[in-house]
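> Just passing along the structure, written as structure tokens.
The values are calculated or read from the model by the stated rules, or taken from the named source; none is laboratory data. Here the structure is a predicted model, which means the values were calculated and not measured. Cβ atoms come from the backbone with ideal geometry, glycine included; neighbour counts cover every protein chain shown. For the accessible areas, the whole protein counts, side chains as well, though only heavy atoms, and no ligand, DNA or RNA atoms are used. Shrake-Rupley method; radii C 1.70, N 1.55, O 1.52, S 1.80 Å.
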Amino acid sequence: MVKHRIVVGAHYGLKDWIAQRATAVYMAVYTLIFAACALTLPELSFEAWSGLFAGGLFKFLTFLFFLALCYHAWIGVRDIWMDYVKPVGVRLTLHVVTIFLLVGYAGWAAQILWRL
């Protein structure tokens with residue numbers, strides 16, 4: 001006998017699990033590429049560092065790294081709030097504060113990248 005579950009807004013976490021793994025893979029690959037590029041700089045100066053980020057593609061890939069990091073963090077922190085914070089009002093407040101912080105961090109990363 002097969003029981004059918006009634007799904008009421010739940011996604012059972014598969015989408016989030018896949019998204020968190022995909023962002024982790026991107027961040028790992030970017031970290032290796034970034035480390036290789038940084039280690040091959042002729043010198044560790046501001047000019048060399050700025051030259052690394054002079055290309056629009058590298059800025060975009062770096063910003064994509066920060067977006068992936070924020071989404072990865074959102075999934076993890078949201079699950080922590082849902083698992084361990086039982087009062088709904090406190091949990092909602094923590095969710096909103098977390099979202100504002102992560103969006104602010106992404107905006108800050110964009111400001112830093114395009115200021116170089």
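> Looking at the stretch 48-75, which of its residues are exposed (fewer than 11 other Cβ atoms within 10 Å of the Cβ) and assigned to a helix (DSSP H, G or I)?
Of everything in the stretch 48-75, those that are exposed (fewer than 11 other Cβ atoms within 10 Å of the Cβ) and assigned to a helix (DSSP H, G or I) turn out to be SER50, GLY56, LEU57.
> If we keep just the residues of the stretch 8-36 that are touching a helix residue (DSSP H, G or I) at 6+ places or on another chain (Cβ under 6 Å) and of a type outside the set (S, T, N, Q), which is modelled with the lowest pLDDT? Explain how you work it out, then say what you get.
As a first pass, look at the stretch 8-36 and keep what is touching a helix residue (DSSP H, G or I) at 6+ places or on another chain (Cβ under 6 Å): 16, 20, 23, 26-27, 30.
This time we only want the ones that are of a type outside the set (S, T, N, Q), so: 16, 26-27, 30.
Values: ASP16: 92, TYR26: 98, MET27: 98, TYR30: 98.
My answer is ASP16.
> How do the pairs read when you match residues in the stretch 47-63 that are more than 21 Å from TRP108 (Cβ to Cβ) with residues anywhere that are surrounded by 11 or more Cβ atoms within 10 Å (Cβ to Cβ) and of a type outside the set (D, E, K, R), using Cβ under 7 Å and keeping only pairs 6 or more apart or on different chains?
Final answer for the pair search is ALA48/LEU41.
> How many residues are out of contact with any helix residue (DSSP H, G or I) (no Cβ under 6 Å at 6 or more places or on another chain) and open to solvent by less than 40 Å² (accessible area, probe 1.4 Å) if we restrict to the stretch 76-94? Steps first, please.
Within the stretch 76-94, the first condition is being out of contact with any helix residue (DSSP H, G or I) (no Cβ under 6 Å at 6 or more places or on another chain), and the residues that meet it are 76, 78-80, 82-84, 86-90, 92-93.
Still in the running and open to solvent by less than 40 Å² (accessible area, probe 1.4 Å): 76, 78.
Residues flagged as out of contact with any helix residue (DSSP H, G or I) (no Cβ under 6 Å at 6 or more places or on another chain) and open to solvent by less than 40 Å² (accessible area, probe 1.4 Å) within the stretch 76-94 amount to 2.
> Now, a different point. Kindly indicate whether any position in the stretch 73-96 is within 21 Å of the chain's Cα centre (by Cα) and of a type in the set (Gly, Ala, Ser).
Yes, the stretch 73-96 contains at least one residue that is within 21 Å of the chain's Cα centre (by Cα) and of a type in the set (Gly, Ala, Ser).
> Okay, next question. Name the residue, out of TRP108, TRP114, that is touching a residue at least 40 places away in the same chain (Cβ under 8 Å) and over 28 Å from LEU14 (Cα atoms). It would help to see each step written out before you state the result.
Values: TRP108 fails: touching a residue at least 40 places away in the same chain (Cβ under 8 Å).
On inspection, the qualifying residue turns out to be TRP114.
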